[in-house]
Structures are given as C-alpha cells and as structure tokens.
Amino acid sequence: MSLKKINTVLAAAFILFILWFGTEFILSPETTAPGFGLPSWPSGDGGGFLIIKGIRDVVLALVLGILLVTGHRRALGWVLLVEALAAYGDMTTVLAHHGSVATAFGVHCLTATLMVVTGLLMMHETRKVTAAPAPAMVEIG
C-alpha cells in the first residue's frame with residue numbers, strides 16, 4: 001500500500017473519530033463526559049462547557065475533512081500537527097485536575113501522538129523532491 005493511501009486512511013480515521021466524539025459530547029454530554037478522564041462533573045450550569053468541547057471537536061474534524069477532500073495534503077499535514085495540541089491540552093487538563101492518568105495517556109496522549117505521526121507522514125509524502133541537475137552536454141567537433 002502506498003504512503004498516500006496509508007495517510008488517507010489514517011486522516012479519514014481521525015476525522016471520523018473526532019467527528020463522532022464531538023457529536024457525542026453535543027448530543028449526550030452526560031454519558032460521554034465520564035470517558036474524558038476528569039474526576040468530577042461541572043457544577044451548576046457548567047454542563048454547557050461539555051457542549052463547547054463537542055463543538056470544538058466537530059470543527060476540528062471539519063477542518064481536517066475539508067483539507068482531505070480538497071486535496072490540500074501538505075496543509076492537512078500541518079493542521080494535523082497543530083490540532084494535536086488540542087489533544088495534548090486535553091491530556092494536560094485531565095492530569096492538572098487529578099483525573100484519570102490512564103485516560104490522560106491512553107486516550108488523549110495516544111491520540112495526539114498518533115496525530116503527530118500522521119501529520120509527519122503527510123509532510124513526508126508531500127515534500128518537494130528536488131531533481132539533480134542534468135549533466136552538461138559536451139559537444140565535440
């Protein structure tokens with residue numbers, strides 16, 4: 001399988017995963033939130049922040065999807081690298097609030113790291129290869 005096909009499958013998998021997870025946070029935050037890794041629920045009217053997280057994830061997925069569908073593969077690689085920061089931020093948030101270490105590393109850190117690897121693979125796929133200069137022709141006679 002070519003690197004381009006592998007990258008396409010990986011990018012599509014991230015898009016679908018992030019879209020699904022974001023949608024779950026929007027539609028049923030009370031059942032999805034415990035899997036995020038934080039030890040407690042938002043109090044009062046804080047549940048709206050869970051929906052904000054879902055909207056963020058849906059937007060992140062749509063940006064990736066647009067770049068994939070339109071063939072902007074190098075930009076897709078860059079955006080994967082940048083969007084990995086959101087997952088690393090989620091990991092840091094879970095750890096900083098004494099949440100599940102297993103979820104912080106097993107979900108958020110793993111997701112972010114796989115996004116970085118996929119982004120780097122995409123960058124490798126789209127690197128510009130400079131051709132060696134053609135040898136000079138020498139005329140005799």
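The values are calculated or read from the model by the stated rules, or taken from the named source; none is laboratory data. All values reported here derive from a predicted model rather than from experimental measurement. Cβ sites come from the backbone with ideal geometry, for glycine too, and all protein chains shown count toward neighbours. Protein only, heavy atoms only, side chains kept; ligands, DNA and RNA dropped before computing areas. Shrake-Rupley method; radii C 1.70, N 1.55, O 1.52, S 1.80 Å.
Probing with 1.4 Å while keeping every protein chain in the model, the per residue accessible area of the chain equals 62 Å².
Considering only THR111, HIS97, GLY47, the residue lying farthest towards the positive end of the dipole of the chain is THR111, judged by Cα position with unit charges set on Cβ. In terms of accessible area, using a 1.4 Å probe and ignoring ligands and nucleic acids, ASP45, ASP90 rank largest first as ASP45, ASP90. For the stretch 9-15, the Karplus equation 6.51 cos²θ - 1.76 cosθ + 1.60, evaluated at θ = phi - 60°, returns couplings of 5, 4, 4, 4, 5, 4, 4 Hz by residue, with Gly and Pro reported as x. Shape class of the stretch 44-110 from the Cα gyration tensor (axes a ≥ b ≥ c, square roots of the eigenvalues): oblate, since a/c reaches 1.5 or more and a/b does not exceed b/c.
Residue order by solvent-accessible surface for LYS53, LYS128 is LYS128, LYS53, largest first, with ligands and nucleic acids left out and a 1.4 Å probe. Projected label points at ILE140 and ALA12, each 7 Å from Cα along the beta carbon direction, are separated by 5.6 nanometres. Across the stretch 19-27, coupling constants 3J(HN,Hα) worked out from phi with the 6.51/-1.76/1.60 Karplus curve, θ = phi - 60°, read 5, 4, 4, x, 4, 4, 5, 6, 7 Hz, and Gly and Pro carry x. Averaging 1/r over every pair of different alpha carbons in the chain and inverting the result gives a Kirkwood radius of 16.9 Å. Straightening the chain between ARG127 and ASP45 buys 24.7 nm, computed as 0.36 nm per residue apart minus the Cα-Cα spacing.
Straight-line cross-link reach from LYS5 at under 15 Å between alpha-carbon atoms covers these aspartates and glutamates, not counting any fewer than eight positions away in the same chain: GLU125.
Computed with a 1.4 Å probe on the full set of protein chains, the accessible area for GLU24 sits at about 60 Å².
Here the chain exposes an accessible surface that is 73 percent carbon and sulfur, computed with a 1.4 Å probe and the other protein chains kept in place.
The shape of the stretch 35-82 comes out prolate: with a ≥ b ≥ c from the C-alpha gyration tensor, a/c is at least 1.5 and a/b beats b/c.
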